[in-house]
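Working notes, beginning with the structure itself.
The values are calculated or read from the model by the stated rules, or taken from the named source; none is laboratory data. No experiment lies behind these values; they were computed from the predicted model shown. Virtual Cβ from ideal backbone geometry, glycine too; neighbours counted across all protein chains shown.
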Amino acid sequence: MTEIALAQGVLAGDRLALARTLSQVENGTAEGKSALSELFPYTGKAHLVGVTGASGTGKSSLVNQLALYYRQPAKGASMSAERASGPPKKAEPRRIAIVAVDPTSPFTGGAILGDRIRMRDLAGDPGVFIRSMATRGSLGGIASATAAVVQVLDAAGYDLILIETVGAGQSEVDIARLAHTTIVVEAPGLGDDIQAIKAGILEIADVLVVNKADLPGVENTERALRGSLNLAHPLPHRFMHHGKLEMVPGQPITPDASETLWVPPILRTVALDGTGIPKLAEAIANHRTHLDATGGWEQRERGRLQTELDLLLQNTLVEGFRARLPAGAYEQVLEDMQERRISPFQAVEKLVDGAGAVQ
Amino acid sequence: MSEQKIRVLIAKPGLDGHDRGAKVVARALRDAGMEVIYTGLRQTPEMIAEAALQEDVDVVGLSILSGAHMALVPRVLELLKANGQERVKVFLGGIVPDEDVPLLLKMGVIGIYGPGTLSDTYVNDIRKAVMATNA
């Protein structure tokens, strides 16, 4: 199949063409790049929702339940213990794509991609497309090709794309630059309240989920998260202190601020039986409405494109630079560094000046 | 980063619940530098073919210990072909009686690896089969 046929196939809804294009894009081949260029004008429509959190918090199961709910709102609601107060029926996305990322072995380059195990409920639904990806050496929680893979799925007409990161600890925050809405999944018993005030992953959450909410300790987890959030987004707060009612005023609410401020909701879910999923879908929809109303959508879109442009620019420049270096110059400088003859800074200077002389 | 990885789907069709072998094979292929999509227990041939399509795999490995291989394997091969994935290689692990082996190989299965097979054997077979198609 030529690249023209690939891109045309993607636009026409051919699933095999889509799958092959995703591989070409992931492998960074020339065919993949030209297919991407052809598909790019059709992108920018999908709502990109990132799902991140530590290993074993239940990200895959949550993604499974969310996709199930979007595809069959009635069934999803009846399966859960609670019922949504009124899911926005009209705004339900029609087609769901899932990109599930798992880590690549740093030693062998191999990977076990096991997220589909939790997504078997979605099998046989032509409105769902699941793709597993390995990180292939990338450390930010997603692969370097994830953004491009998402673009292809966007062009293929998937309205909502769920991107599941690798089991993320504290600093795998690349997903926030890619997604419009980032869901951070926590579970009871994973750490004390100091974990909740550390910088990093909690700061990127647009929606916080405490999954496995049927386990003991869920109140503590939720309280720690709420405390941490209150520091970031102070709200008027009343409490009893030595028997007296005290009040801490929130941050000054200007007429603007009340509209532009998004306070991440904290939701409890049990991904195994679907409890809390309608509320989560509602929060995702609310965040989208908020982004649309405040200009946040364009802002994130622009930030995402800028990140992509910067990365591509760096890669292309470095590749071109290394191609122009005289044979052996790079290895020579590396050896000089190892022998402590020159510092890393001097090494860079030497290489850059050297390449300049060659031109 | 431009690189080509062999992508393998490991699936357990049918109703037996013994997945130790499938996991060992998945791990061995991972250690051989392949990307292994592990789908878990009790997959129907339709689920396997669909996953193979979405993941654009080069190879599908089926682990069957229920004795239903003569029903399940042809169905998976048929569905792969119907999806336009006739280039996908299929190999088999588990318990397969000797008299069925030639029949399965004739259907297009690239190898049948029972208990005690060295992992080098199937790793090399898979590499060779994939290289032959991509060449």
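Overview of values
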| item | result |
| --- | --- |
| Boolean, B:GLN43 is at negative phi, at the interface with chain A (Cβ under 7 Å from one of its Cβ atoms) and modelled with pLDDT under 95 | no |
| Top-ranked residue of segment A:109-153 - restricted to ones that are more than 7 Å from chain B (Cβ to nearest Cβ) and of a type in the set (S, T, N, Q), ranked as nearest to B:THR39 (Cα to Cα) | A:THR135 |
| Any hit, segment B:46-65, residues being polar (S, T, N, Q), over 17 Å from A:ARG120 (Cα atoms) and surrounded by fewer than 20 Cβ atoms within 10 Å (Cβ to Cβ) | no |
| Check on A:LEU22, part of a helix (DSSP H, G or I), within 14 Å of another protein chain (Cβ to nearest Cβ) and modelled with pLDDT under 95 | no |
| From B:ASP100, B:ASP16, residue being more than 16 Å from A:ALA111 (Cβ to Cβ), in contact with a Leu (Cβ under 6 Å, 6 or more places away or on another chain) and of a type in the set (D, E, K, R) | B:ASP16 |
| From A:LEU235, A:LEU208, A:LEU267, A:LEU202, residue being of a type outside the set (Ser, Thr, Tyr), surrounded by 15 or more Cβ atoms within 10 Å (Cβ to Cβ) and at pLDDT below 90 | A:LEU202 |
| Residues satisfying the stated conditions in segment B:49-79, i.e. within 11 Å of chain A (Cβ to nearest Cβ) and either assigned to a helix (DSSP H, G or I) or modelled with pLDDT under 95 (or both) | B:ALA49, B:GLU50, B:ALA51, B:ALA52, B:LEU53, B:GLN54, B:GLU55 |
| Answer residue from segment A:1-46, given it is within 18 Å of A:LEU312 (Cα to Cα) and charged (D, E, K, R) and is surrounded by the most Cβ atoms within 10 Å (Cβ to Cβ) among those | A:GLU26 |
| Among (1) within 14 Å of another protein chain (Cβ to nearest Cβ); (2) outside any loop (DSSP other than H, G, I, E, B), the one test that B:ARG87 misses | (2) |
| One residue from A:ALA168, A:ALA176, A:ALA156 being small (Gly, Ala, Ser) and modelled with pLDDT of 90 or more | A:ALA156 |
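Conditions (1) in contact (Cβ under 8 Å) with a residue 60 or more places away in the chain; (2) in contact with a strand residue (DSSP E or B) (Cβ under 7 Å, 6 or more places away or on another chain), marked per residue:
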{"site": "A:LEU22", "(1), (2)": "yes, yes"}
{"site": "A:GLU31", "(1), (2)": "no, no"}
{"site": "A:LEU36", "(1), (2)": "yes, no"}
{"site": "A:PHE40", "(1), (2)": "yes, no"}
